[in-house]
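Notes to accompany the following structure.
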Amino acid sequence: MAMAMRRAAALGARHILAASVSASSRVASRRHMGSVDAGAAMEKIRAAGLLRTRGLIGGKWVDAYDGKTIEVQNPATGEVLANVACMGNRETADAITSANTTFYTWSKLTASERSKALRKWHDLLMSHKEELALLMTLEQGKPMKEALGEVNYGASFIEFFAEEAKRVYGDIIPPTLADRRLLVLKQPIGVVGAITPWNFPLAMITRKVGPALACGCTVVVKPSEFTPLTALAAADLALQAGIPAGALNVVMGNAPEIGDELMQSMQVRKITFTGSTAVGKKLMAGSANTVKKVSLELGGNAPCIVFDDADIDVAVKGSLAAKFRNSGQTCVCANRILVQEGIYEKFASAFVKAVQSLQVGNGLEESTSQGPLINEAAVQKGANIMLGGKRHSLGMSFYEPTVVGNVSNDMLLFSEEVFGPVAPLIPFKTEEEAIHLANDTNAGLAAYMFTKNIARSWRVSEALEYGLVGVNEGLISTEVAPFGGVKQSGLGREGSKYGMDDYLEIKYVCMGNLG
């Protein structure tokens with residue numbers, strides 16, 4: 001388990017596609033980025049009081065007990081943004097104790113009271129939208145326009161679940177005997193351990209913490225070591241909104257120790273995790289001893305099927321959005337673009353042209369549409385490179401948006417999730433073949449298709465073994481719809497009214513001898 005959690009910390013719980021880089025290219029890239037005033041951005045964040053570097057336990061900002069810290073770097077420049085507390089099992093144990101104590105008061109509040117606190121948190125997130133987006137771009141690398149979009153998206157979960165807090169309804173069951181009354185209550189599960197990744201530093205937290213707090217649960221959040229600053233800023237705003245001390249705790253640092261403490265604790269009743277399938281399996285196994293409830297949003301290998309009858313312009317726009325958002329570093333990115341033979345050449349040409357228009361650079365620059373990858377690693381090459389295929393001239397962890405043609409199902413690009421800006425194009429002949437290729441994976445998170453045929457859209461949607469399906473659209477995530485996968489892409493659903501279920505226990509009450 002320790003090795004798996006360490007790997008999750010090192011790789012952000014996903015495969016990262018980047019290029020190795022020399023020290024000289026690192027210096028060159030910093031010179032190139034000199035025109036971006038990251039210093040002014042940091043000053044704006046500090047002025048708003050949102051630069052936190054300590055963990056949050058019981059409503060207090062605390063250092064690691066042994067004084068250790070870890071560096072948070074800007075992936076666009078390699079420069080250190082801050083040193084944050086590197087916590088472990090002792091701090092996590094105290095955070096759990098704090099959450100457990102607070103649970104007995106937070107869960108007893110009325111749904112309306114919890115709703116009002118969450119609504120205030122939403123309003124504060126939105127009023128600090130620019131500072132949060134700047135912070136996210138600095139530590140994660142995504143372009144500012146995407147970061148602003150994530151703040152909107154992340155805050156929308158808090159707003160939605162503030163409303164859903166008041167709609168946790170039970171049932172009255174018709175009794176089998178005249179002197180009985182049968183009731184069903186829904187009650188909060190208890191303390192929740194939430195482990196979140198680096199690719200969406202705000203939204204992956206609010207999508208878990210929002211429903212947990214709405215139900216009456218309390219939470220210990222472990223954000224990625226690559227992007228803890230956004231999590232800490234959001235937690236600070238939660239305190240300001242009136243979320244009581246101990247209801248939301250944040251610990252970061254030693255991933256194996258934190259993970260093990262969350263799994264072994266009898267007080268933690270649920271684990272919610274977004275990350276790789278491999279680590280998700282370890283968390284399931286580690287939670288077995290205490291029989292915790294687990295919800296897992298794991299790896300994806302999303303197909304994007306473009307049929308002969310698709311609108312080429314719509315298909316190119318949708319495929320581009322599905323593949324290259326966040327530089328290809330999302331679990332629902334189109335990992336395999338399946339194109340029917342009749343329009344393969346036409347689509348490939350238009351798609352390559354669209355990818356060529358993407359601007360790679362520092363996310364603080366207005367023209368940037370592709371930021372850096374989160375860090376540096378080796379890149380696997382092969383097949384027919386139609387565009388890109390190498391480290392970008394900016395150096396560091398910048399990678400050229402890449403299109404690979406004529407990929408087949410016996411290549412690694414087909415079978416493994418590529419967490420980066422690489423789009424494999426795979427020709428196919430028939431609808432049946434497309435469905436077979438799309439389902440030929442252990443993953444089952446998201447899938448996309450482009451067609452003008454309504455009958456086909458129904459047939460294929462029902463045949464695809466995925467939790468989410470986009471028809472003629474590449475951006476489908478929203479707070480009002482359930483998000484989650486099938487097969488080895490996970491368990492449970494986040495977002496929507498269904499997102500409350502994973503944080504609730506169902507209790508049956510039989511009242512007898514009422515006659």
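The values are calculated or read from the model by the stated rules, or taken from the named source; none is laboratory data. Because the structure is a prediction, the values reported are computed rather than measured. Heads up, the Cβs are rebuilt from the backbone with ideal geometry, glycines too, and the neighbour counts pull from every protein chain shown. Please note that ligands, DNA and RNA were not included when accessible areas were found on the heavy atoms of the full protein model with its side chains. Shrake-Rupley method; radii C 1.70, N 1.55, O 1.52, S 1.80 Å.
Based on Cα contacts under 8 Å between residues 6+ apart, segment 40-298 shows a relative contact order of 26 percent.
Is segment 40-298 best put as rounded, prolate or oblate by its Cα gyration tensor, with a ≥ b ≥ c the root eigenvalues, rounded for a/c under 1.5, and otherwise prolate when a/b is larger than b/c, oblate when not? Each step should come with its number before you reach the end.
Details: a/c = 1.97, a/b = 1.50, b/c = 1.32.
Note, shape of segment 40-298 comes out prolate.
Roughly how many Å² of MET263 are accessible to a 1.4 Å probe, to the nearest 10? Accessible area of MET263: about 10 Å². Heavy-atom accessible area for SER156, with the other protein chains in place and a 1.4 Å probe, reaches approximately 10 Å².
Farthest towards the positive end of the charge dipole of the chain, among the residues ALA278, ASN89, VAL471, is the Cα of ASN89, using unit charges on the Cβ of Lys, Arg, Asp and Glu.
Considering only protein heavy atoms, what per residue accessible area in square angstrom results for the chain with a 1.4 angstrom probe? Each step should come with its number before you reach the end.
Working: 20130 Å² over 515 residues.
Per residue, the chain has an accessible area of 39 Å².
Count neighbours as other Cβ atoms within 10 Å of each site's Cβ, and list the trypsin sites (Lys or Arg not before Pro) in segment 61-137 that are DSSP loop with at most 13 such neighbours. The partial results should precede the final answer.
Details: sites: LYS68, ARG90, LYS108, ARG114, LYS116, ARG119, LYS120, LYS129; in loops: LYS68, LYS108.
Filter output for segment 61-137: LYS108.
What does the net charge come to around ALA354 if you take all other residues with beta carbon closer than 12 Å to its beta carbon, with K and R at +1 and D and E at -1?
Working: positive: LYS317, LYS323, LYS353; negative: ASP313.
In short, +2.
Given the alternatives (1) 0.99; (2) 1.03; (3) 0.94, Rg/Rh (Cα atoms, Kirkwood Rh) as computed for this entry is given by (1). Shape class of segment 204-269 from the alpha-carbon gyration tensor: oblate, with a/c at 1.5 or above and b/c at least as large as a/b.
Pop out the carbon and sulfur fraction of the accessible area of the chain as a percent, whole number, probe 1.4 Å. Intermediate values should be presented prior to the final figure.
On the way: 10450 of 20130 Å².
Roughly 52 percent, rounded to a whole number.
Net charge of the neighbourhood of VAL219, taken over other residues with C-beta under 11 Å away and scored Lys/Arg +1, Asp/Glu -1, is +3. The H on the amide N of PHE428, modeled in the peptide plane, is under 5 Å from the matching H of VAL339, GLN340, GLU341, each at least 5 residues off or on a different chain. In the chain, a dipole from Cβ-located charges (positive for Lys and Arg, negative for Asp and Glu) runs towards its positive end, and of GLY78, LEU394, PHE419 it is GLY78 whose Cα lies farthest in that direction. In sequence order, segment 416-433 has phi-based couplings of 10, 5, 9, 8, x, x, 10, 10, x, 9, 10, x, 9, 9, 10, 4, 4, 5 Hz under the Karplus curve 6.51 cos²θ - 1.76 cosθ + 1.60, θ = phi - 60°, and Gly or Pro positions carry x.
Looking at segment 140-227, which chymotrypsin sites (Phe, Trp or Tyr not before Pro) are DSSP coil and have at most 14 other C-beta atoms within 10 Å of their C-beta? Walk me through the numbers on the way to the answer.
Working: sites: TYR153, PHE157, PHE160, PHE161, TYR169, TRP198, PHE226; in loops: TYR169, TRP198, PHE226.
Of the chymotrypsin sites (Phe, Trp or Tyr not before Pro), the ones in loops of segment 140-227 whose Cβ has at most 14 other Cβ atoms within 10 Å are TYR169.
Beta bridges assigned by DSSP with both partners in the chain are antiparallel in approximately 40 percent of cases.
Where Lys and Arg each count +1 and Asp and Glu each count -1, what net charge lies around TYR169 among other residues with Cβ under 15 Å from its Cβ? Charge balance near TYR169 sits at 0.
Please give me, ordered by residue number, the chymotrypsin sites (Phe, Trp or Tyr not before Pro) of segment 395-432 that lie in loop per DSSP and have at most 14 other Cβ atoms within 10 Å.
Numbers: sites: PHE398, TYR399, PHE414, PHE419, PHE428; in loops: PHE398, PHE419.
Answer in residue order: no site qualifies.
Classified by the C-alpha gyration tensor, segment 302-480 has a prolate form. Its axis ratio a/c, with a ≥ b ≥ c, is 1.5 or above, and a/b is larger than b/c.
Accessible area of HIS436 (1.4 Å probe, protein heavy atoms only, ligands and nucleic acids ignored): about 120 Å². Taking amide H as placed 1.01 Å from N in the peptide plane, the amide H of GLU473 sits under 5 Å from that of MET449, each at least 5 places away or on another chain. Computed from label points 7 Å out along Cα-Cβ, the spacing between VAL486 and ASP313 is 3.5 nm. Summing Cβ point charges (Lys, Arg +1; Asp, Glu -1) relative to the Cα centre of segment 400-515 gives a dipole of roughly 400 debye.
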